[in-house]
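Below: one structure, written as C-alpha cells.
Rule-based calculations on the coordinates, nothing more; no lab input. As the structure is a prediction and not an experimental result, all values here were calculated from the model. Quick reminder, even Gly has a Cβ in these numbers, built from the backbone with ideal geometry, and neighbours come from all protein chains shown.
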Amino acid sequence: MIISQLSLKGFYAICRVLLFYIISIVIFATSSGVTKNVFLGDQLSFLISTILTFLLVVLFAKWEKLPLKDVGLIPYKSSLLRFSSGFGISVVMVVVEVLIITNFAKVKFSFAPHIPPINVITSLILFLLVACREELVFRSYSLRSLANSLNPIIALVIMTTIFIIEHVIAGMSWKMAVLGPGFGGILFGISALKTRGLALPLGLHFSWNFMQWLLGFKNNSGVWREIVEKGHESQAENIALAAFVFVMSATIVGIWQFYTRKES
C-alpha cells in the first residue's frame, strides 16, 4: 500500500512537471513569435519568457505547496556570493579549456577588433536572460518537485534528458547535445540540488555561455576567433571535446564533494 502511494505520488509529480514544461515551451514559442521582427527581438523574447516562466513557477509551486525559497525564487543571504562564485568558476573552466586546446592542438585565438562594444553588452544581456529562463524551467520547480516525490538522482536524470531533447529540437546534433547540455544539465542540476537554490547554477550557466561566446565558440561571432591550422581540424575537435569533458567532469565532482562535506 505504501509503495503504491509512493508510486502514485511520483506519477502525479512527473505529470505536473511535464505540464509545466509544455506550458513553458508554449510561452517561449509565443514570445519568440511576437518579438521576431522587433529590435533586439532575442533579448526581448527571453525577457518576456523569463518573466512569464517565473510566474508559472510561482503558480505550480503554490499548487504543490512547495515553499518559494525551496524552488529558488527567494534568495538566501549567500545567494550573491554563490552567483559570483558560479560566475568565477565558469571563467576558470573556460580558461583551462582554452589552455588545453592551445597547448595540445594546432589552434590559436585571434582578436576581432571590429566588434562594436554594444554587441558585447547585448550579448551579455542575452546570455543572462537565456540562463535565467533555462534555470527557471529546468532547475527550479521541476527539479525540486521530482526530487521530493521521487529522489534527487532520478530527478536529475529526467530534467537533464529533457534539457538535452530541447537543444536537439532547437537544431543541435545528438552528439553535441549529450556532451554540451548533457554535462551542463548535470552540473547545473547538482548545483541547484546541493544549494537548494538557483544562484550558483545561474552564475555557472550565464558565465559559461558568455565566455564561450567571447571566445568565438558560438558561431564564431565573439570578440576572439578560433583559428585551426589547416589539416588539423579533426585533431582540434577531438582535443576540444576532451578538454570540455575534463573541465565539466572536474567541476561536477568538485561541487558535489564541496557541498557534500558542508552537509556532513
- Item | the chain - Rg and Dmax from Cα coordinates, angstrom | 19.2, 68
- Could you give the nm distance between label points at residue 78 and residue 7, where each point is 7 Å from its Cα heading toward the beta carbon? 3.9
- Got the relative contact order for segment 29-175 handy, in percent, Cα pairs under 8 Å and 6 or more residues apart? 28
- Task: Take every Cα-Cα pair in segment 94-205 and report what % of them are more than 21 Å apart.
- Result: 50
- Which ³J(HN,Hα) values in Hz, rounded to whole numbers, follow from the phi angles of segment 126-139 under the Karplus curve 6.51 cos²θ - 1.76 cosθ + 1.60, where θ = phi - 60° and Gly and Pro get x? 4, 5, 5, 5, 4, 5, 4, 4, 6, 5, 5, 6, 9, 10
- Give, in nm to one decimal, the length gained when the segment between residue 235 and residue 173 is fully stretched (0.36 nm per residue of separation minus the Cα-Cα distance). 20.4 nm
- Would you look at the GNM of the chain, springs on alpha carbons closer than 10 Å, and say which of 125, 169, 51 moves the most? 169
- Length released on extending from residue 219 to residue 165, taking residue separation times 0.36 nm less the Cα-Cα span: 17.4 nm
- Positive-end residue, segment 2-263 charge dipole about Cα centroid, Cβ charges, pick of 206, 154, 131: 154
- Query: Top mean-square fluctuation among 43, 235, 212, Gaussian network model of the chain, C-alpha springs under 10 Å?
  - Reply: 235
- Query: On full extension of the chain, what length is gained from residue 63 through residue 196, given 0.36 nm per residue of separation minus the C-alpha to C-alpha distance?
  - Reply: 46.0 nm
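Compute, for the chain, the length of the dipole vector about the Cα centre, with Cβ point charges of +1 (Lys, Arg) and -1 (Asp, Glu) only. Units Debye, rounded to 20. Write down the numbers at each step before the final one.
Working: 21 positive and 12 negative charges, 128 e Å.
So the magnitude is around 620 debye.
Which of the trypsin sites (Lys or Arg not before Pro) across segment 15-82 are loop residues per DSSP, with 14 or fewer other Cβ within 10 Å?
Loop-located and lightly packed - 36, 65, 69, 77.
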- Message: So for the chain, averaging the separation of alpha carbon pairs under 8 Å that are six or more residues apart and normalising by length, what relative contact order in percent results?
- Response: 27
- Item | Value of [θ]222 nm, deg cm²/dmol, for the chain, DSSP H segments ≥ 4, -39500 (n - 2.57) each, nearest 500 | -26500 deg cm²/dmol
- Item | J(HN,Hα) series, segment 88-98, from Karplus relation 6.51 cos²θ - 1.76 cosθ + 1.60, nearest Hz, glycine and proline x | x, 4, 5, 4, 4, 4, 5, 4, 4, 4, 5
- Amide H contacts under 5 Å for residue 112, restricted to residues at least 5 apart in sequence or on another chain and with H modeled in the peptide plane, are 224, 225
